[in-house]
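The values are calculated or read from the model by the stated rules, or taken from the named source; none is laboratory data. Since this is a predicted model, take the numbers as computed values, not measurements. Note that we place each Cβ from the backbone using ideal geometry, even for glycine, and neighbour counts take in every protein chain shown. Ligands, DNA and RNA are excluded from the accessible area calculation, which covers all protein heavy atoms including side chains. Shrake-Rupley method; radii C 1.70, N 1.55, O 1.52, S 1.80 Å.
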Amino acid sequence: MGQVIAVCGMPASGKGEFAKIVAEKGIPVRSMGDMVRLEVKQRDLPETPNVFGEIAADLRAKYGDDILASRLAVEVDGLLENNDIVFIDGLRGIAEKKFFRKHWGSKFSTVAIETTKEIRFKRVLSRNRSEDGDRAAFEIRDKREKGWGLELLIAESDIIFTNNGEFSEFIQKVRDWLETL
């Protein structure tokens with residue numbers, strides 16, 4: 001069985017950019033956030049900042065805190081049939097990590113990206129995503145994701161990248177690390 005690595009970090013820390021760097025190496029990446037975006041689309045809801053959080057919380061309330069992990073594991077298992085490594089973008093909760101750890105055992109590890117709050121908020125303002133919003137929406141999202149255990153996930157990650165400097169430095173750090181896998 002191949003290796004599964006999940007990346008976590010607060011909103012706008014650089015998880016998506018990390019995933020792009022990984023994908024450029026030909027490694028499959030699956031996004032937990034894309035699962036929520038798809039759910040919003042399937043429910044034909046307006047793509048506003050609060051809707052994404054409400055849907056993520058609703059899924060967890062109805063089906064358990066590990067619902068996204070259990071749904072995604074099936075797809076990742078299929079990818080592992082032909083790939084040595086698969087990345088999961090957007091690990092956000094303790095229950096998800098526990099599910100993955102139980103499912104893949106020692107073949108599962110985590111990577112965190114740490115970025116200061118002010119840098120993250122500047123990125124939110126510049127990236128213009130439908131799930132982003134103003135400062136109040138940013139604070140609500142941070143609080144919600146911290147409530148799922150994201151801070152603990154970051155602290156307990158196997159590897160932590162800091163993404164406060166030049167983007168080119170971050171890219172190089174990630175590329176160098178990928179060469180060690």
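Structure values in brief
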{"read-out": "Cα convex hull of segment 1-146, projected area averaged across orientations, nm²", "value": "8.6 nm²"}
{"read-out": "Theoretical gain in end-to-end length, V74 to A61 [0.36 nm per residue, Cα-Cα removed]", "value": "2.6 nm"}
{"read-out": "Computed lengthening from S130 to T180, 0.36 nm per intervening residue step minus Cα-Cα distance", "value": "14.5 nm"}
{"read-out": "Accessible area of the chain divided out per residue, in Å², using a probe of 1.4 angstrom", "value": "51 Å²"}
{"read-out": "Value of [θ]222 nm, deg cm²/dmol, for the chain, DSSP H segments ≥ 4, -39500 (n - 2.57) each, nearest 500", "value": "-17500 deg cm²/dmol"}
{"read-out": "Estimated FRET transfer efficiency when R0 is 22 angstrom, pair I140-S109 (beta carbons, to 0.05)", "value": "0.15"}
{"read-out": "Normalised contact order of segment 1-153, rounded percent, pairs of Cα under 8 Å and 6 or more residues apart", "value": "43 percent"}
{"read-out": "E151-V51 FRET efficiency (beta carbon distance; Förster radius 22 Å; 0.05 resolution)", "value": "0.35"}
{"read-out": "Surface share of carbon and sulfur [accessible, 1.4 angstrom probe, percent] for the chain", "value": "50 percent"}
{"read-out": "Spin-label pair F167/K122, simplified geometry with 7 Å Cα→Cβ offset, distance in nm", "value": "1.3 nm"}
